[in-house]
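Written out below as structure tokens is the structure these notes cover.
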């Protein structure tokens, strides 16, 4: 059964009942040759998790925007069905005016929107790796010292140093050996030119195990890639990145490939 909306007020109520498509997906997008009608297929998750290779269920809607007065049309490559949206937002208009990120932000103003709910879609969650965050848990070992991190990167050809946010180079001996949360590693030559680097966001020594959360800002791809190699030295490790979880051998296969 179709639902038709010709004003922001009624459309807002419908969007609210569907959580504004927060963490939703644009599955399809087409513009008629006349450019007066745009077809969108939108979905959001109602069952399952976001973990890679697990099953999830999406609630799917077809949306037809008619009487389009203005829009920021998308070109090929400017939207992705895998992009998790922040959601749909409404802007002031006498008719209907909405925006969404896909990931490029688009805006559509139209005289009416027709909605049809389709069958739910059951699928496997596609794996993805973050290029800015890695979290590790290591069993059977103590938290490495700041000096050890410098040594391991040096063995891979990197001259790194410790620094605080926007701070100067610090000797490893001055860094708290078991409490270096909030500190950064950065190429020594780049410390005067940058504020951050490889951020040790969270470090926890559990006695015979440890956890570390890494984040990168103003860090070269080369150093980030080396980090992925360096953590292979830990034998009993769990690595989380993006929506994926790896043991040592799985991580080795991922890094090598």
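Which of the strands (runs of 3 or more DSSP E) contained wholly in region 182-241 include at least 2 residues that are farther than 18 Å from residue 129 by Cα and touching a strand residue (DSSP E or B) at 6+ places or on another chain (Cβ under 8 Å)? Quick ask: steps written out before the conclusion?
Numbers: elements: 184-187, 198-205, 209-216, 237-241.
By residue number, 184-187, 198-205, 209-216.
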Handout entry: Verdict on residue 257 being within 27 Å of the chain's Cα centre (by Cα) and more than 16 Å from residue 132 (Cα to Cα)
Key = yes
Completion exercise
Going through region 121-173 in order, the residues found to be assigned to a helix (DSSP H, G or I), in contact with a strand residue (DSSP E or B) (Cβ under 8 Å, 6 or more places away or on another chain) and in contact (Cβ under 8 Å) with a residue 12 or more places away in the chain are 146, 149, 150, 153, 172
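Considering only residues that are over 25 Å from the mean Cα position of the chain (by Cα), within 18 Å of residue 37 (Cβ to Cβ) and part of a strand (DSSP E or B), which ones fall in region 100-120? Explain how you work it out, then say what you get.
Our first condition is that a residue be over 25 Å from the mean Cα position of the chain (by Cα); within region 100-120, this holds for 108-119.
Next, from what is left, pick out any that are within 18 Å of residue 37 (Cβ to Cβ): 108-116.
If the condition is that a residue be over 25 Å from the mean Cα position of the chain (by Cα), within 18 Å of residue 37 (Cβ to Cβ) and part of a strand (DSSP E or B), then 108, 109, 110, 112, 113, 114, 115, 116 are the ones that fit.
For (1) closer than 21 Å to residue 163 by Cα; (2) touching a helix residue (DSSP H, G or I) at 6+ places or on another chain (Cβ under 8 Å); (3) surrounded by 16 or more Cβ atoms within 10 Å (Cβ to Cβ), each residue gets a yes or a no:
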residue	(1), (2), (3)
191	yes, no, yes
204	yes, no, no
207	no, no, no
212	yes, no, yes
218	yes, yes, no
246	no, yes, yes
251	no, yes, yes
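Return yes when residue 92 is at pLDDT below 95, outside the structural domain of residue 233 (by TED's automatic domain parsing) and more than 27 Å from the chain's Cα centre (by Cα) and no when it is not.
Numbers: at pLDDT below 95: yes; outside the structural domain of residue 233 (by TED's automatic domain parsing): yes; more than 27 Å from the chain's Cα centre (by Cα): yes.
Taking the combined requirement at face value, the residue satisfies it.
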Problem - Residues satisfying the stated conditions in region 167-181, i.e. crowded, with 19+ Cβ neighbours inside 10 Å and more than 18 Å from residue 135 (Cβ to Cβ) - result: 175
Exercise for the section: Scan region 9-29 for residues that are more than 13 Å from residue 80 (Cα to Cα) and not in a helix (DSSP H, G or I) and jot them down. Expected result: 18, 22, 23
Fill in the blank from the handout: Pairing a residue in region 13-26 that is in the same structural domain as residue 99 (by TED's automatic domain parsing) with any residue that is surrounded by 14 or more Cβ atoms within 10 Å (Cβ to Cβ) and in a helix (DSSP H, G or I), where Cβ atoms lie under 6 Å and the two sit 6 or more apart in sequence or on different chains, gives none
Exercise for the section: Assess whether residue 148 counts as being more than 18 Å from residue 206 (Cβ to Cβ) and not assigned by TED's automatic domain parsing to the domain that holds residue 54. Expected result: no
Practice task
Answer with yes or no whether residue 173 is at pLDDT 95 or above and under 17 Å from residue 217 (Cα atoms).
Solution key: no
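The values are calculated or read from the model by the stated rules, or taken from the named source; none is laboratory data. What you see is a predicted model, and the numbers here were worked out from it, not measured in a lab. With ideal geometry, Cβ positions are generated from the backbone for all residues, glycine too; neighbour counts draw on all protein chains shown.
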